[in-house]
1. Residues in the range 122-149 that are of a type outside the set (A, V, I, L, M, F, W, C), under 20 Å from V163 (Cβ atoms) and surrounded by fewer than 22 Cβ atoms within 10 Å (Cβ to Cβ): how many?
2. Residues that are within 16 Å of the ligand (Cβ to nearest atom), on the phi < 0 side of the Ramachandran plot and either assigned to a loop (DSSP other than H, G, I, E, B) or without any contact (Cβ under 8 Å) to a residue 60 or more places away in the chain (or both): does the range 37-60 have at least one?
3. Just one of H266, H253 is part of a loop (DSSP other than H, G, I, E, B), within 16 Å of the ligand (Cβ to nearest atom) and not aliphatic (A, V, I, L, M); which is it?
4. In the range 153-195, how many residues are away from the ligand (no atom under 16 Å from the Cβ) and either under 19 Å from R28 (Cβ atoms) or in a strand (DSSP E or B) (or both)?
5. Quick test of your reading of the structure: M124 fulfils all but one of (1) away from the ligand (no atom under 16 Å from the Cβ); (2) under 25 Å from L268 (Cβ atoms); (3) not in a loop (DSSP other than H, G, I, E, B). Name the failing condition by number.
6. May I ask you to list the residues in the range 132-160 that are in contact with a Lys or Arg (Cβ under 6 Å, 6 or more places away or on another chain), among the hydrophobic types (A, V, I, L, M, F, W, C) and under 30 Å from P118 (Cβ atoms)?
7. Are any of the residues in the range 78-86 within 16 Å of the ligand (Cβ to nearest atom), of a type in the set (D, E), surrounded by fewer than 16 Cβ atoms within 10 Å (Cβ to Cβ) and farther than 19 Å from V163 by Cβ?
8. Assess whether E208 counts as being under 19 Å from S146 (Cβ atoms), in a helix (DSSP H, G or I), modelled with pLDDT of 95 or more and not hydrophobic (A, V, I, L, M, F, W, C).
Amino acid sequence: MVTEEKDSVLYDVHAEVASITMNRPRYRNAQNGRMTYALDDAFKRAVDDDCVKVIVLKGAGRHFSAGHDIGTPGRDINDSQDRKTLWYDHADKTGGEFLYVREAEAYLGMCRRWRDIPKPTIAMVQGACIAGGLMLAWVCDLIVASDDAFFSDPVVRMGIPGVEYFAHPFELHPRIAKEFLFTGERMNAERAYRLGMVNRVCKREELEAETLRLANKVAEMPRLGLALTKQAINNIEDLQGKRTGMEAAYAWHHFAHTHNELETGHKLGGQDAKSMAAKNTEQNKQGI
Ligand code: ZN
């Protein structure tokens, strides 16, 4: 039985725009280790290609990304990977060290690496953009969403203070970020647009064209001008505490993982993809 696409990430270039597509649609593009490193390879390819001015990140199928892979047959959390940061291998470690090291490399480390890519990046978001999916959208410079897109970080239900790349108070006003995390509710594209978390909202059938229109517009600017502008704004965010704030949040995140393991023998506090999805669906049915 085939349970995986041959390539977990697809890559193509049209004019000056590279498209990187997460390609696990039957699992709502849940991000496993294999996909993480395939994404990194694709970003590197786009950076290395002088013809590429702008990079678009997409998800195949009905959803952008349901988040980190916490339950598909392709979950590969225990595997060693060809690491990109200088963290040592997590796979043969135990206790809190196992997950702290893995997530420092695969989640926080990789997200920071992608956020600082010296070319503009645009996330094209449809359907679900949940938890780890938010991290992938948030590392991009611009976000274009279709009107059926929704965003949520229900990780607090696991007793954990949100996802590893803790950009919430930068993406949203702190009061809204608290609401977003405290309730775990879905935020629809329209509200995300009003709050400044996304740049454009359009009909689902226009999403691709709208995203490409924006990408091509940005691509008219000179490469170095774009790279320096991106650095200048990212630097301001870091001076405002984005990077150092994330360090503290990452430590609290891992205190929670370890506490969960001590209390329940399970790093996610007994939750899995099924139980999280059931709760999210129930909440959505209640119209909250
Ligand atoms: Zn984690």
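1. Result for the range 122-149: 2.
2. Of the range 37-60, the ones within 16 Å of the ligand (Cβ to nearest atom) are none.
There is no residue in the range 37-60 that is within 16 Å of the ligand (Cβ to nearest atom), on the phi < 0 side of the Ramachandran plot and either assigned to a loop (DSSP other than H, G, I, E, B) or without any contact (Cβ under 8 Å) to a residue 60 or more places away in the chain (or both).
3. Numbers: H253 fails: part of a loop (DSSP other than H, G, I, E, B).
It is H266.
4. The first filter runs over the range 153-195 and keeps only residues away from the ligand (no atom under 16 Å from the Cβ), leaving 169-180, 182-183, 185-195.
Now drop any that are not either under 19 Å from R28 (Cβ atoms) or in a strand (DSSP E or B) (or both), which leaves 185-189, 192.
Matching residues across the range 153-195 total 6.
5. The number of the failed condition is (2).
6. V139, V144 - these are the residues of the range 132-160 that are in contact with a Lys or Arg (Cβ under 6 Å, 6 or more places away or on another chain), among the hydrophobic types (A, V, I, L, M, F, W, C) and under 30 Å from P118 (Cβ atoms).
7. Among the residues of the range 78-86, not one is within 16 Å of the ligand (Cβ to nearest atom), of a type in the set (D, E), surrounded by fewer than 16 Cβ atoms within 10 Å (Cβ to Cβ) and farther than 19 Å from V163 by Cβ, which makes the answer no.
8. Numbers: under 19 Å from S146 (Cβ atoms): yes; in a helix (DSSP H, G or I): yes; modelled with pLDDT of 95 or more: yes; not hydrophobic (A, V, I, L, M, F, W, C): yes.
So E208 fits the description; yes.
The values are calculated or read from the model by the stated rules, or taken from the named source; none is laboratory data. Keep in mind that what you see is a predicted model, and the values were worked out from it rather than measured. When we count neighbours, we look across all protein chains shown, and the Cβ atoms used for this are built from the backbone with ideal geometry, even at glycine.
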